[in-house]
Amino acid sequence: MDSIHDLVQPVPLEMPPAREVVHEINLIDPDYKPTYHQPRCPDALRGELADKIDRYTKAGWWRPANVQSAAPMICVYKKDRHLRTVIDARKRNDNTIKDVVMSKFGSGPVRPILAEP
């Protein structure tokens, strides 16, 4: 457990420091605004979702905003029946330019996370 101690900690109550390299995601159509359906959360998870929203908002990880289009957050059960929130970014990802970047840490190309395998 000591070897993964830093991975199983609760959410820190502050944002991590800014990174040296700032990446950007290039869009096919910068003006594209995908339309989404209204997501739902199971009644059994609503209390846990409210706690998570409060905790992440206080930590500065999430912030309230009024926007025209936002990817829906889906509430699903983890194996232990607790809340897992997942962002449904499929429509937004369809609007990204799939590029390949060379890694300075390896010998071959590395595909960005949003790229299709």
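Considering only residues in region 40-53 that are out of contact with any Leu (no Cβ under 7 Å at 6 or more places or on another chain) and in a loop (DSSP other than H, G, I, E, B), the one that is nearest to VAL86 (Cα to Cα) turns out to be ARG40.
In region 6-29, the qualifying residues are those that are touching a residue at least 24 places away in the same chain (Cβ under 8 Å) and of a type in the set (D, E, K, R), and the one that is surrounded by the most Cβ atoms within 10 Å (Cβ to Cβ) is GLU14. For region 18-32, the candidate set comprises residues that are under 18 Å from the mean Cα position of the chain (by Cα) and of a type outside the set (S, T, N, Q); within that set, the residue that is modelled with the highest pLDDT is LEU27. Consider region 67-80 and keep the residues that are assigned to a loop (DSSP other than H, G, I, E, B) and modelled with pLDDT of 85 or more. The one that is nearest to the chain's Cα centre (by Cα) is LYS78.
Determine whether ASP99 is charged (D, E, K, R) and either assigned to a loop (DSSP other than H, G, I, E, B) or under 17 Å from the mean Cα position of the chain (by Cα) (or both). Yes; evaluated as a whole, the condition is true for this residue. Residues considered: TYR56, TYR36, TYR32. Of these, the only one that is of a type in the set (Phe, Trp, Tyr), outside any loop (DSSP other than H, G, I, E, B) and either surrounded by 11 or more Cβ atoms within 10 Å (Cβ to Cβ) or at positive phi (or both) is TYR56.
The values are calculated or read from the model by the stated rules, or taken from the named source; none is laboratory data. The structure presented is a predicted model; accordingly, all values stated were derived computationally and were not measured. All Cβ positions, even for glycine, are placed from backbone atoms using ideal geometry, and neighbour counts span all protein chains on display.
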